[in-house]
Amino acid sequence: MGMLLLCVIFYGCGISMKRQSLIVGLCAACFLLPVFRGDADAVEKHQQGAQLVVQQSESDRAERLTAEGDRLRAEGDSDSLLRAVEVYQEALDIFERLASQQEKADVLLRLGFVYNSIGEKDKALEHYEQALPIFREVGNRFGEAATLNNIGLIYDSIGEKSKALEYYEQALPIRREVRDRSGEATPLKKIGLF
């Protein structure tokens, strides 16, 4: 019955009998024959497999966009930084759709860094504050410490020294916990200046 329906659909689309049999043969060769026969389990497995392929493709695209944003950010000129924001935002949208929390937090951190670099402190702070609870949720202590440190840097740069100190003091023990010796330097130096 399913094969007949498929042939009727093909005929209605103007597909020749020769092409119909080629397409049906290819479908059967790709293990889709049970789908046409109404095998519910096979249909579900096929749909799950197709969904995984699409998700992986989207994830790969977002990772390529993130790498492109990193390249643009490294160039450092204002045009490259503005383009990096666009590219990172596109990657962020994909990671949000895929519910990839770790990757979402990583891109938010990068966006905060770029916004800080172009002088948009409020936007930088907004992105860091979005990244922080996600890093905590996924248990990424290194990302949490980096974000706390960057929030401290923002508050320090806008003259809110007491708030900056709060964040540096939160970042320091985490940096020690994850044995990030080079990362310890900034909060130690900043705390020492207060």
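The values are calculated or read from the model by the stated rules, or taken from the named source; none is laboratory data. Source: prediction; values computed, not measured. Cβ atoms come from the backbone with ideal geometry, glycine included; neighbour counts cover every protein chain shown. Just the protein is used for accessible areas: all its heavy atoms, side chains included, with ligands, DNA and RNA removed. Shrake-Rupley method; radii C 1.70, N 1.55, O 1.52, S 1.80 Å.
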Open item on the list: Condition (residue is within 25 Å of Ser59 (Cβ to Cβ), touching a Lys or Arg at 6+ places or on another chain (Cβ under 7 Å) and not polar (S, T, N, Q)) applied to the range 142-154: is it met by at least one residue?
Closed with: yes
TODO: Look through the range 135-170, keep the residues that are over 28 Å from the mean Cα position of the chain (by Cα) and among the acidic types (Asp, Glu), and return whichever of them is least open to solvent (accessible area, probe 1.4 Å).
DONE: Asp156
TODO: Could you pull out the residue among Asp79, Asp60, Asp70 that is of a type in the set (Asp, Glu), assigned to a helix (DSSP H, G or I), at pLDDT 95 or above and out of contact with any Lys or Arg (no Cβ under 8 Å at 6 or more places or on another chain)?
DONE: Asp79
Task: Scope the range 85-116; condition open to solvent by 20 Å² or more (accessible area, probe 1.4 Å) and within 20 Å of Gly139 (Cα to Cα); matching residues - done: Glu96, Leu98, Ala99, Ser100, Gln101, Gln102, Glu103, Lys104, Asp106, Leu109, Arg110
Open item on the list: Given the criteria assigned to a helix (DSSP H, G or I), under 21 Å from the mean Cα position of the chain (by Cα) and at pLDDT 95 or above, does Leu52 qualify?
Closed with: no
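Take the conditions within 17 Å of Ala67 (Cα to Cα), touching a helix residue (DSSP H, G or I) at 6+ places or on another chain (Cβ under 8 Å) and modelled with pLDDT of 95 or more and apply them to Val107. Does it pass?
Here the answer is yes, as Val107 does meet what is asked.
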Open item on the list: Please verify whether Leu82 is of a type outside the set (D, E, K, R), touching a residue at least 40 places away in the same chain (Cβ under 8 Å) and open to solvent by 20 Å² or more (accessible area, probe 1.4 Å), treating the condition exactly as stated.
Closed with: no
Task: Of the criteria (1) closer than 23 Å to Asp70 by Cβ; (2) at pLDDT below 95; (3) touching a helix residue (DSSP H, G or I) at 6+ places or on another chain (Cβ under 6 Å), which one Asp180 fails - done: (3)
Task: Selected residue [touching a helix residue (DSSP H, G or I) at 6+ places or on another chain (Cβ under 8 Å), on the phi < 0 side of the Ramachandran plot, of a type in the set (Gly, Ala, Ser) and at pLDDT below 95] from Ser100, Ser162 - done: Ser100
